[in-house]
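Below you'll find the structure, written out as structure tokens, and then a few comments.
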Amino acid sequence: MRRLASVATLLMAMGAAGCASHHPQQQTIGLIPRAERAADLRDDRVRLLGVDRAPTVPPAEPLYKVPFIVIGAGFDFVFVEPITLLYKHFSGDTPQRAADEMFDADSPDKRRHGILRLCEEPYARQSVEDRDVWARMASRDTDYSVRAAGVRALNWSRAARGELYITELEDEQPLARLEAAKALANDPDARATAPLLAHLHQDISDDVRIACADALRCYKTQEIATALIEVLDDSNFDVAWQARQSLRLMTAHDFHYDERAWLGYLSENREPFE
């Protein structure tokens, strides 16, 4: 019996050791690994460029992925896009119809649909005239959903309309404020720091607060970093998570949700931002 007990104990110990060796190591904190940092920067750069200027194949993609990406793009060009265009033509879902709906004074729903449908067209996103129309509707339309759609179209076009976005950030409707904050995340404007900070801490919409935490990554100052650290323990985890992502991009470090560690890093480094 003793021998059996000894064998059982040995087997249990070996099993525990095996489990420990296969258990994932706890993620360390501090400097982000170089490859992970490069991926973060690449994704952020592609995002800021927007759909019309971003490279089809990001430069950092592994070579073995390139043929698959090219084949997928070729399939879309040869089969998917022509079929989609034919369907839209025969169903009446055309840019001309969208442009007509965009000026329908009696229907906010049609104006909103017209804006969002027209901005799906690359030529419309690159058109100064269309951008000007969207900007007027974003600032003057009586319906908040149309104003939000106008801001979204400008954001999708990566139109540099910082003053308009800052103004819309004070809209009485959360949806319009959300689109404005998302636009400022892709079109940084130094004048936006104060209102973004205010809405990060005080906005009644958590979605707006999340978008503000995202937009603030573009402003690498002690004040902004400290404000982001202050919401790492926010009652809404989504706000805290986005603040952490912004801090990661700003500093190339990750101290998770440890406010003391983040503050220590800021105070101990003369140049904490990359």
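Just so it is clear, none of the values below were taken in a lab; they were calculated from the coordinates. Keep in mind the model is a prediction, meaning the values are calculated, not measured. FYI the Cβ positions are ideal-geometry reconstructions off the backbone, even for glycines, and counts take in every protein chain you see.
Only counting other Cβ atoms within 10 Å, I'd like Trp134, Trp156 sorted with the fewest neighbours first.
Trp156, Trp134
Considering the alpha-carbon set of the chain alone, what are its Rg and its Dmax in angstrom?
24.9, 91
Bins of 10 Å, beginning at zero and ending with the bin holding the largest distance: percent of Cα pairs per bin for the range 124-266, please.
Bin by bin from 0 Å, the calculated values are 13, 41, 29, 13, 3, 0.
Relative contact order for the range 152-241 using alpha-carbon pairs under 8 Å, separation at least 6, rounded to a whole percent?
Computed over the range 152-241, the figure is 24 percent.
Just going by the charge dipole of the range 101-169, with Lys and Arg at +1 and Asp and Glu at -1 on Cβ, which of Pro122, Ile166, Ser145 is farthest out on the positive end?
Working it through, the farthest residue towards the positive pole turns out to be Ile166.
State the Cα centre-to-centre distance between the range 105-165 and the range 202-255 in whole Å.
28
Putting +1 on Lys and Arg Cβ atoms and -1 on Asp and Glu Cβ atoms, find which of Pro195, Thr221, Ala176 reaches farthest to the positive end of the dipole of the range 96-243.
Thr221
Below 8 Å between Cα atoms, with a sequence gap of 6+, how large is the relative contact order for the chain in percent?
It comes to 13 percent, rounded to a whole number.
Near the amide H of His253, under 5 Å away, which other amide H atoms are found, from residues 5 or more places off or on another chain, if H is placed in the peptide plane?
The list, which skips near neighbours in sequence, is Ile32.
Can you put Glu120, Glu101 in order, fewest other beta carbons within 10 Å first?
So the ranking, lowest neighbour count to highest, is Glu120, Glu101.
What does the charge dipole of the chain about its Cα centre add up to, to the nearest 20 debye, if the Cβ of each Lys and Arg holds +1 and the Cβ of each Asp and Glu holds -1?
1140
Once all Cα-Cα distances of the range 84-205 are split into 5 Å bins that start at 0, what whole-number percent is in each one?
Spelled out per bin, shortest first, that is 2, 12, 22, 21, 18, 11, 7, 4, 2, 1.
What is the fewest-to-most order of Val51, Val46, Val231, Val146 by other Cβ atoms lying within 10 Å of their Cβ?
Arranged by neighbour count, lowest to highest, Val51, Val46, Val231, Val146 become Val51, Val46, Val231, Val146.
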